[in-house]
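Following: one structure in structure tokens, then a few remarks.
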Amino acid sequence: MQRFYRYIHADPDVRKSRIPRNIALEEDDNLAKKQWVDEVRTAVYFSKQIRLANGQSLFELITHCGKGWDSPATQATLDLPANATPGFSIQYLISFKKYGQPIGLQMRALFKRRGEQLIANNAFAESLLRNPDFMRVNGLRCWND
């Protein structure tokens, strides 16, 4: 696993993505904080590989339309089920604005990755993968609009 983390940390997009501070781990400079950083960086890495229904990557949506990597809850954790292919449980909390309102709104996109297979694990993730007009359907607009 350490080899995998070294590989993704070397990716220029992953390396330059500013991950949020995790207040719960602020005092921790040991294993828990390193593990959390690895999980966040893994989520950033996988976001580049997730193609949305409108043709862009999830990475592009988060960095250009969302508020960026602002949630410490965005992470990819290793998932080792007993009777299935090992993979990752991936969670993204993406900040948008509600259409027609100035307030911010966090949308949770949950995925399971089994080998090369990506499975949407909630309605918003399913919308991202299946509906090219997912922003309008979910009543969202970009953070900077």
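The values are calculated or read from the model by the stated rules, or taken from the named source; none is laboratory data. Here the structure is a predicted model, which means the values were calculated and not measured. Neighbour counts run over all protein chains shown; Cβ positions are idealised from the backbone, glycine included. In case anyone asks, the SASA skips ligands and DNA or RNA and just uses the protein heavy atoms, side chains included. Shrake-Rupley method; radii C 1.70, N 1.55, O 1.52, S 1.80 Å.
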- prompt: Restricting the search to the stretch 28-50, which residues are free of Cβ contacts under 8 Å to residues at least 24 places away in the same chain and basic (Lys, Arg)?
  reply: Lys33, Lys34
task: Run Gly55 past the list (1) open to solvent by less than 30 Å² (accessible area, probe 1.4 Å); (2) outside any helix (DSSP H, G or I); (3) within 21 Å of Ala120 (Cβ to Cβ); (4) not basic (Lys, Arg) and report the number of the one that doesn't hold.
output: (1)
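Tell me which residues, restricted to the stretch 74-91, are assigned to a loop (DSSP other than H, G, I, E, B) and either surrounded by 12 or more Cβ atoms within 10 Å (Cβ to Cβ) or touching a helix residue (DSSP H, G or I) at 6+ places or on another chain (Cβ under 9 Å) (or both). Spell out the reasoning first.
If we filter the stretch 74-91 for residues that are assigned to a loop (DSSP other than H, G, I, E, B), which is where we start, we get 74, 80-86.
Across the stretch 74-91, the qualifying residues are Thr74, Thr85.
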- prompt: Exactly one of (1) more than 30 Å from Asp133 (Cβ to Cβ); (2) out of contact with any strand residue (DSSP E or B) (no Cβ under 8 Å at 6 or more places or on another chain); (3) assigned to a loop (DSSP other than H, G, I, E, B); (4) not hydrophobic (A, V, I, L, M, F, W, C) is unmet by Pro20. Its number?
  reply: (1)
query: Taking interchain pairs and intrachain pairs at least six residues apart, which have beta carbon atoms under 7 angstrom, with the first residue in the stretch 60-87 and on the phi < 0 side of the Ramachandran plot and the second in a loop (DSSP other than H, G, I, E, B) and at pLDDT 95 or above?
result: Leu61/Leu52; Cys65/Cys142
Ala84 vs. criteria farther than 17 Å from Cys142 by Cα, touching a Ser or Thr at 6+ places or on another chain (Cβ under 6 Å) and of a type outside the set (Phe, Trp, Tyr): no
